[in-house]
Amino acid sequence: MSSLGSPNPFFIAGKKAYEIERSLRFNDDDNAHLSRTPSSASNRKTWTISAWVKRGVLGGNKTIFNAYDGSSSRRFRLYFGSNDQIEYNQGGDANSGIGASTAKFRDISAWYHFVFVADYTNGTATNRFKVYVNGSEISMSFSDDVENADGQWNGNWEHDIGIIGSSTEPFDGYIAEINVIDGTALTPSSFAETDAVTGEYKPIKYTGSFGTNGFYLNFSDNSEPLTFYVPH
């Protein structure tokens, strides 16, 4: 079962500091995960996902976000691949994108801030999907990134955090401060900043719109079971 992590993953000292109070612990031995099914589909071409992630183990495929309609030739998926890269499937059909990072993420003591940005309406193939880590865009190799392709994220079928379905390739580690923005392609500056004095990269509160199927999870509620919800 997933559990609330402690102590606080981020505490930024200062009068106007923004604090992330809690994270969620995912134990892959328990197939820990969150799931929800949106009541209706929304924008399947343009969206942003921001999350702070700390890995617990290396190796093997470890799912962060997943969505699948049960019949298409590809599922939507963001995950750590068996070689510790970030890997990506837009989902849908053979014309929807797949990709993998050049960089590998093997520091299990580190918190990584990931921002995943899809904009399949973009006329430039290299701008249709971007991955930022700690504020900087990383290099990705892509194939099949066809303009205006519908992915499976934001469809009206099951969406998972930390697993595929209920038992396949579960994540192990911690996730904090998830912001999912439906219909808008943003940059990391909406969710974090570099302190001009200390040089520290730190979270800030997102203040924009979430869109129709967007949501925010800060895991501040200690009740069981935890709810994967849309705050509208």
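The values are calculated or read from the model by the stated rules, or taken from the named source; none is laboratory data. Every value quoted in this text rests on a predicted model; they were computed, and no experiment measured them. Note that we place each Cβ from the backbone using ideal geometry, even for glycine, and neighbour counts take in every protein chain shown. Side chains are part of the model used for accessible areas, which takes the heavy atoms of the whole protein and leaves out ligands, DNA and RNA. Shrake-Rupley method; radii C 1.70, N 1.55, O 1.52, S 1.80 Å.
Computed about the Cα centre, the dipole magnitude for the chain is approximately 340 debye when only Lys and Arg (+1) and Asp and Glu (-1) carry charge, each at its Cβ.
Among Asn127, Gly81, Ala67, which residue has its Cα positioned farthest towards the positive end of the charge dipole of the chain, with +1 placed on the Cβ of Lys and Arg, -1 on the Cβ of Asp and Glu, and the dipole taken about the Cα centre? The listed residue farthest towards the positive side: Asn127. Maximal additional length on extending the Asn222-Phe142 stretch stands at 24.8 nm, based on 0.36 nm per residue less the C-alpha distance.
Taking Cα centre as origin and charging only the Cβ of basic (Lys, Arg, +1) and acidic (Asp, Glu, -1) residues, the dipole magnitude of the stretch 29-73 rounds to 240 debye. Considering the zone a paramagnetic label at Tyr112 would reach in this model (a point 7 Å from Cα along the Cα-to-Cβ line), which residues of the stretch 72-104 have amide N under 13 Å from it? What the label zone holds, given the 13 Å backbone N cut-off, is 78-88, 100-104. Over the stretch 128-175, the alpha carbon radius of gyration divided by the compact-protein estimate 2.2 N^0.38 Å works out to 1.48. When the solvent-accessible area of the stretch 105-177 is split by element, carbon and sulfur atoms take up 42 percent of it, the probe being 1.4 Å.
Local charge for Trp157 was computed over the other residues whose Cβ lies under 14 Å away, with Lys and Arg +1 and Asp and Glu -1, and equals +1. Taken over the alpha carbons of the chain as equal point scatterers, the Debye sum produces base-10 log I(q)/I(0) values at 0.09, 0.10, 0.12, 0.14 Å⁻¹ of -0.34, -0.42, -0.62, -0.86. Rounded to the nearest whole Hz, the Karplus-based 3J(HN,Hα) values (6.51 cos²θ - 1.76 cosθ + 1.60, θ = phi - 60°) of the stretch 171-181 follow the sequence 7, 10, x, 10, 10, 9, 6, 8, 10, 10, 10, with x at glycine and proline. Accessible area per residue for the chain is 43 Å², calculated with a 1.4 Å probe on protein heavy atoms, without ligands, DNA or RNA. For Asn83 and Ser166, a Förster radius of 22 Å and the Cβ-Cβ distance give a FRET efficiency of 0.30, rounded to the nearest 0.05. Rolling a 1.4 Å probe across all protein chains gives Asp30 an accessible area of roughly 80 Å². Separation of the stretch 141-205 from the stretch 52-100 is 11 Å, based on Cα centroids.
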